[in-house]
Structure formats: C-alpha cells, structure tokens
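The values are calculated or read from the model by the stated rules, or taken from the named source; none is laboratory data. These figures come from a predicted structure and were not determined experimentally. Counting neighbours? That spans all protein chains shown, and the Cβs are built from the backbone with ideal geometry, glycine included. Heavy atoms of the whole protein, side chains included, go into the accessibility calculation; ligands, DNA and RNA do not. Shrake-Rupley method; radii C 1.70, N 1.55, O 1.52, S 1.80 Å.
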Amino acid sequence: MPTRSALEGPLINRPHLAPLAAAALVLGGSLSIQVSAALASELFDSVGTLGVSGLRMAIAAAVLLVVFRPRLRGRSTTAWLGIVLYGVAMAAMNVLFYNALVHLPLGIAVTLEFLGPLAVAVFATRLRWEALLPVATLIGVALVSNPSGGMTWIGLAFGLGAAVAFGGYTVLAGRVGESSDGLDGLTLSVMVGAVLLAPFSIEALPRVDGQAWLILAASGLIGVALAFSLDFIAVRVTSPRLVGTLFAIDPVMGAVIGAVLLGQVLTASVVIGILLVVVSGGVVIWLAGKAQSKSLSLPAVAAPEQA
C-alpha cells in the first residue's frame, strides 16, 4: 500500500474532512502559483517564457529528487506509463498555455484552459443536477476573467490544447497517486516534464545571470515543487472531480491579488463571478463531505456464518 505523506496521514481516520482539506491545499497551490508568476514575470523579456518555464521545472525536479529520492525499480509498466503521461501533461500545459497567451488576452486564455478540469468534473458527476455546479463555476470564471474580444483561431487552438493538458494533469494526478509511494510519482513526473522542456532550458541558459538564478530558484520551488505537490495531495485525498472544480480558484486568486497588490478595480461582474465560484465550490465541498460521512455511517455487511 502506498506510503502517505505527512499531510495525508491525519485524514486517514477523518475522511469526512478530506474535501475541506483539499480546498485548503488547492488554495495554497493557487497562491503559490500567483506568487511564483509575479517573480517569474520579471524574466520573461530577457529569458523568454518557455525558457523560464523549463528552467523552473528543472530546478523543481532537482529539489524534489534530492528530498524524496524516488525508487526506480519495482514499478509496473502501467505505473510508469502514468508517471510519463503525467509529466507530459505538466510540460504540455505550460507550453500550450504560454503560446495561448501570445495570441489571446489573459482572461480568454485562463477561461479556455479551465475547460479541461471543468470537463473532468462534469464527466465524473453522478447526478444530473450536480453537473450544474461546474457550469456555474465556469460562468463565474468567465466573469472574473472578463473574456471579451481578441479571439483568434490559433489562440483558440492553443487554449483548447492547454485545456486538454490541464484535464489530463487533473486525472493523472489521481492515477499516479494511487500507484505511488507518497510524492515519489510526482517527483518522477516533474523530472519527465523537465526533460521534455530541456531544449527550451538549454537555449535560455546564456541569457540567465546571477540574480535571475535566484528568481528562478524561488519561482521553481514555490510555483512548481510546492504548488504541484499541494495539487497532487489534494487529488489523492479526494477525487479529480472535486479538485477539478476547485481549480476555478486560480483566476479568482489572480483578480483578488490584482486588486489588493496592484490596485486594480473589481467590477460588478468580477464580484458576481467570484461569488459564483465561491458558492458553487462550497456546495461541491459540502456534497463531497456529506458523501464521505454517509459512507462512514453505513453498517458493515455481516459475513455469513459457516456451517
């Protein structure tokens, strides 16, 4: 049986708290990504977005390998396939999203990318009316992101590609988590992603100076190693459906940080969007917790007596 991390251990005997814990983990991951993006954005002009993405992932992979030292032997072919595909999804998600940003406004790119985990949440829904919750979340994301105008066909292609990668990232986190010891699977997947992005990293190396390395190190630790670990654990303790809906917090976090730190104005539509995301996410968490509690309260089926 896979060894659980220190964050997962307390939830073993309290599974009804897992949805709330997942929400806290996703929130922490979202905050980490936003802070990381603020740091990394200083290097986009000099190092390039793809170079920054590749070097951040390489640094995160190196740190995770040193900390967790994942075993390479004893894994099945299916387990390795999941690890490799998870790493491919990580790399593709970064590359496709950055290319979408070249051709689309940020709001449209974020909304298109969120279609991936939204689809995971909808397809995993058991009751028809529950499918309305992810739809309400999407409407909220659209209002927060304010996706008006600027659509191009190539941007749409990159944005939908990023959505597919993000959906795969959400599902594969659960698959890799089930077949891995703690964060071993995540570590190996980040290593796969770093290898895939190595051409961009190597090409960007001559443009990185001493101060840039410090920014890349901080960004890689916060935005990749920490954020991906929190997402990974959130999926392990709950489900891809729940976490897929909770990923809607990303554009909301961006809007709030923009208002608090950058003085950007929150319009009425943005506030309504935030409320939709918060309410629909809260209902999903409540339903998940209720289902967990109900499963715990079911009496065990007695085994038939032996003659």
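Among the residues making up region 113-138, a single one is modelled with pLDDT of 75 or more and out of contact with any helix residue (DSSP H, G or I) (no Cβ under 6 Å at 6 or more places or on another chain): Val135. For the residues Val176, Val110, Val102, Val141, the requirement of being at pLDDT below 85 and more than 16 Å from Phe247 (Cα to Cα) singles out Val102. Would you mind stating whether Ala234 is among the hydrophobic types (A, V, I, L, M, F, W, C), part of a helix (DSSP H, G or I) and more than 18 Å from Gly28 (Cβ to Cβ)? Against the criterion (among the hydrophobic types (A, V, I, L, M, F, W, C), part of a helix (DSSP H, G or I) and more than 18 Å from Gly28 (Cβ to Cβ)), Ala234 does not qualify.
Scanning region 33-60 for residues that are among the hydroxyl-bearing types (Ser, Thr, Tyr) and either in contact with a His (Cβ under 7 Å, 6 or more places away or on another chain) or at pLDDT below 85 (or both) yields Ser36, Ser41, Thr49. Just give me the residues in region 72-112 being in contact with a helix residue (DSSP H, G or I) (Cβ under 7 Å, 6 or more places away or on another chain) and either assigned to a loop (DSSP other than H, G, I, E, B) or without any contact (Cβ under 8 Å) to a residue 12 or more places away in the chain (or both), in sequence order. Correct list: Leu104 only.
Of all residues in region 180-199, those being modelled with pLDDT of 90 or more and either under 22 Å from the mean Cα position of the chain (by Cα) or open to solvent by less than 10 Å² (accessible area, probe 1.4 Å) (or both) number 13.
Within the set Ala218, Ala212, Ala198, Ala173, the sole residue that is within 30 Å of Leu138 (Cα to Cα) and out of contact with any Gly (no Cβ under 6 Å at 6 or more places or on another chain) turns out to be Ala173.
Tell me, which helices (runs of 4 or more DSSP H) wholly within region 179-227 include 1 or more residues that are farther than 17 Å from Gly48 by Cβ and not charged (D, E, K, R)? Output list reads 184-196, 210-220. Just to be sure I understand, how many residues within region 60-90 are surrounded by fewer than 23 Cβ atoms within 10 Å (Cβ to Cβ) and among the hydrophobic types (A, V, I, L, M, F, W, C)? Going through region 60-90 one residue at a time, the tally reaches 13.
Cβ separations smaller than 6 Å between residues 6+ apart or across chains give no pair from region 267-285 residues that are modelled with pLDDT under 75 and assigned to a helix (DSSP H, G or I) to residues that are open to solvent by 70 Å² or more (accessible area, probe 1.4 Å) and charged (D, E, K, R).
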